[in-house]
Amino acid sequence: MKNIRKRRYEVKVKNDKKQGFIKKLLRYKTLLLMLLPSAALVLVFSYLPIGGLVMAFKRFNYADGIFRSPWVGFDNFRFFFESGKALLVTRNTALYNLAFILINTVLEIAFAIILSEMAGKWMKKLTQSIIFLPYFISWVIVGSIAYSLLSYETGTLNGVLKSLGINPINFYGESGWWPLIIVAFSAWKGVGYGVVVYLASILGVDSSQHEAAAIDGANIFQRIRYITIPCITPTVITLTLLALGKIFRGNLDLFYQLVGQNGALFDKTDVIDTYVFRMTIAATDVGQTVAIGFYQSVLCFITILIANWVVKKKDENYSLF
């Protein structure tokens with residue numbers, strides 16, 4: 001008898017949950033319909049392609065297709081590591097992204113704080129627009145701007161050096177300059193977007209805290225240090241964690257449009273994405289390029305897990321999951 005009552009109770013609870021779920025669907029049907037296109041895009045472009053990762057373990061040919069092509073185990077990965085480029089492009093990708101994260105984050109926070117403290121309304125809007133403008137410029141145009149500035153014969157920078165009696169620099173023949181050049185162009189183009197994000201976070205800080213601190217005699221630098229920065233710390237940590245999740249993914253547009261196919265610069269500028277791009281064009285074995293992409297994804301996944309674990313140990317409230 002007791003088991004029958006228990007069974008009836010479980011059925012009743014299950015039915016109530018089912019009805020509650022249906023009621024929620026009907027209640028939020030408009031919002032769910034608005035969400036449907038985004039969900040479809042994520043499904044088609046993010047989840048369905050995961051099935052293609054099987055090509056990393058196959059010798060793909062178009063006649064047999066993805067699932068009937070012969071298995072080769074880890075041969076595609078072995079080719080990458082035996083090529084002598086694996087360590088180089090992995091190191092370059094990680095170091096460049098670390099530099100982007102560090103330098104861009106510092107500049108974004110600094111400009112956001114400066115804009116939040118500026119008194120003139122029109123001056124603030126003009127400055128913000130100037131900083132944000134490069135974000136909308138295509139990397140193709142940026143590549144042309146870089147060439148106009150750095151060209152050995154006709155570049156503006158070398159023209160200035162010649163006018164000062166200094167020998168011109170062959171930027172496109174000397175790879176040592178390019179880490180600085182790439183980091184500089186990345187900051188110039190990308191900082192504006194981050195400034196908007198951090199500025200929104202700063203504007204969300206309760207103004208009464210600044211007013212109380214000013215009454216107590218705190219100057220502007222003390223208010224920034226003890227109020228503004230601690231209040232935007234969760235935003236900084238969240239954005240940094242998201243950026244670390246892509247630390248082994250290079251910006252193909254940035255590197256390819258600035259460097260192109262200039263082999264003289266590859267030692268200092270080649271990243272995983274540009275290496276895969278050249279392999280895709282030159283090689284006929286698609287499985288090798290898929291294997292490198294799979295390797296990339298695994299490294300990114302491990303990195304975000306480690307970074308999130310470190311943050312969680314420090315303060316659980318700041319972790320992503």
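The values are calculated or read from the model by the stated rules, or taken from the named source; none is laboratory data. It should be emphasised that the depicted structure is a prediction, and the values quoted were computed from it without experimental measurement. Here Cβ is always computed from backbone atoms with ideal geometry, including for glycine, and neighbour counts include all displayed protein chains. Note: accessible area is taken over every heavy atom of the protein model, side chains too, but ligands, DNA and RNA are not part of it. Shrake-Rupley method; radii C 1.70, N 1.55, O 1.52, S 1.80 Å.
So here's what we get for this one:
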| item | result |
| --- | --- |
| Mean Cβ neighbour count within 10 Å, used as a protection proxy, ranking 184-197, 308-321 highest first | 184-197, 308-321 |
| Only Lys, Arg (+1) and Asp, Glu (-1) charged, at Cβ; the chain dipole about Cα centre in debye | 2340 |
| Pairs beyond 26 Å (Cα-Cα), from 246/268; 189/314; 268/313; 124/312 | 189/314; 268/313; 124/312 |
| 20 Å-binned pair-distance histogram of the chain (Cα, whole percent) | 21, 45, 27, 5, 1, 0 |
| Helical contribution to [θ] at 222 nm, DSSP H n ≥ 4, -39,500 (n - 2.57), averaged over the chain, rounded to 500 | -22500 deg cm²/dmol |
| Under 12 Å, Cβ to Cβ, from residue 270 - net charge with Lys/Arg +1 and Asp/Glu -1 | +2 |
| Radius ratio Rg over Rh of region 259-317, counting only Cα atoms, Kirkwood formula for Rh | 1.19 |
| Within the accessible area of region 56-131 (1.4 Å probe), percent carbon and sulfur | 70 |
| Fraction of accessible area attributable to carbon and sulfur, region 152-284 (%, probe 1.4 Å) | 60 |
| The chain, accessible area per residue, ligands and nucleic acids excluded (1.4 Å, Å²) | 64 |
| Cα principal axis extents for region 70-133, largest first, Å | 66, 23, 14 |
| Cβ-based net charge around residue 254, under 10 Å, with every Lys or Arg adding one and every Asp or Glu removing one | -1 |
| Percentage, to the nearest whole number, of Cα pairs in region 79-197 over 21 Å apart | 56 |
| Residue (of 158, 274, 31) at the positive-pole extreme of the chain, dipole from beta-carbon charges | 31 |
| Rg ratio (alpha-carbon, reference 2.2 N^0.38 Å) - region 181-288 | 1.63 |
| Region 147-212: radius of gyration and largest Cα-Cα distance (Dmax), Å | 20.1, 59 |
